[in-house]
Amino acid sequence: MAFELPALPYAKDALEPHMSANTFDFHHGKHHNTYVVNLNGLLDGSDLAGKSLEEIIMATAGDSSKAGMFNNAAQVWNHTFFWNSMKPNGGGAPSGDLAAKIDADFGSLDAFKDAFKQAGATQFGSGWAWLVVGDGGKLEVVKTPNAENPMTQGKTPLLTCDVWEHAYYLDYQNRRPDFLAAFLDNLVNWDFAAENLANAG
């Protein structure tokens, strides 16, 4: 079965004014779709055809001969995860186990936000900022370049923010820190992160 471009979990104008329908036209409709098309082309006739995205990512990570397959598979996965990391009227504060774990592992929600914004703002070039369950079950903020995904290092992603320029340039131009602040204050889907944390256990 070929992979298909997943539908957005909300209308493309549902995150305005923080992320515009125009951005989604390009980011979801063009960029994400291109990764899907490229991946299907690379998988055609390969021994990984029919595998899940996660299986393809883990099987091709670090293999320079399969870099194209890894990059496209990981970007399909990362983008789908990113769309779900946001919701209309998002932001605010987490609750329950996730809130307690953020307080325990970062000291406070504000300290987490500072670490996340710092990771996203200092990722040189293209990449991603992540909240993950890392070593010993502790929450960590990590950044990855290009298509890289923390799952290849044994970490479990809970949330991500895309800091490739195409994620924010139409709305924020060169102001990546403003985009990261808008993501955390107005877009982040804490319910999605809490669900991922529960499943990680």
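Since every read-out is calculated from the coordinates, none of them should be taken as a lab result. Just so it is clear, the structure is predicted and the values come from calculations on it, not from any experiment. Quick reminder, even Gly has a Cβ in these numbers, built from the backbone with ideal geometry, and neighbours come from all protein chains shown.
Structure above, values below:
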| quantity | calculated |
| --- | --- |
| Gain on full stretching of the segment that runs from Leu48 to Asn174 - 0.36 nm per residue minus C-alpha separation | 41.5 nm |
| Proxy reagent accessibility, fewest Cβ within 10 Å first, across Thr156, Thr122 | Thr122, Thr156 |
| Residue-averaged 222 nm ellipticity for the chain, from DSSP H runs of 4+ at -39500 (n - 2.57), nearest 500 | -14000 deg cm²/dmol |
| Loop-resident sites, segment 109-201, for chymotrypsin sites (Phe, Trp or Tyr not before Pro), counting at most 11 other Cβ within 10 Å (DSSP) | Phe124 |
| Segment 21-84 - percent relative contact order, Cα under 8 Å, separation 6 or more | 38 |
| Two-decimal ratio, segment 23-99, of alpha-carbon radius of gyration to 2.2 N^0.38 Å | 1.35 |
| Interchain or long-range residues, amide H under 5 Å from Lys12's placed H | none |
| Three-way shape call for segment 124-201 based on the alpha-carbon gyration tensor, with the a/c threshold at 1.5 | oblate |
| Cα-Cα over 31 Å, subset of Lys87/Lys138; Lys30/Lys138; Lys66/Lys101; Lys51/Lys143; Lys66/Lys87 | Lys30/Lys138; Lys66/Lys101; Lys66/Lys87 |
| Overall Cα dimensions of segment 62-162, principal axis frame, Å, largest first | 43, 33, 24 |
| Relative contact order [Cα under 8 Å, 6+ residues apart], the chain, whole percent | 25 |
| Option label - Rg and Dmax of the Cα atoms in Å computed here, alternatives (1) 18.0, 61; (2) 16.4, 50; (3) 19.0, 54 | (2) |
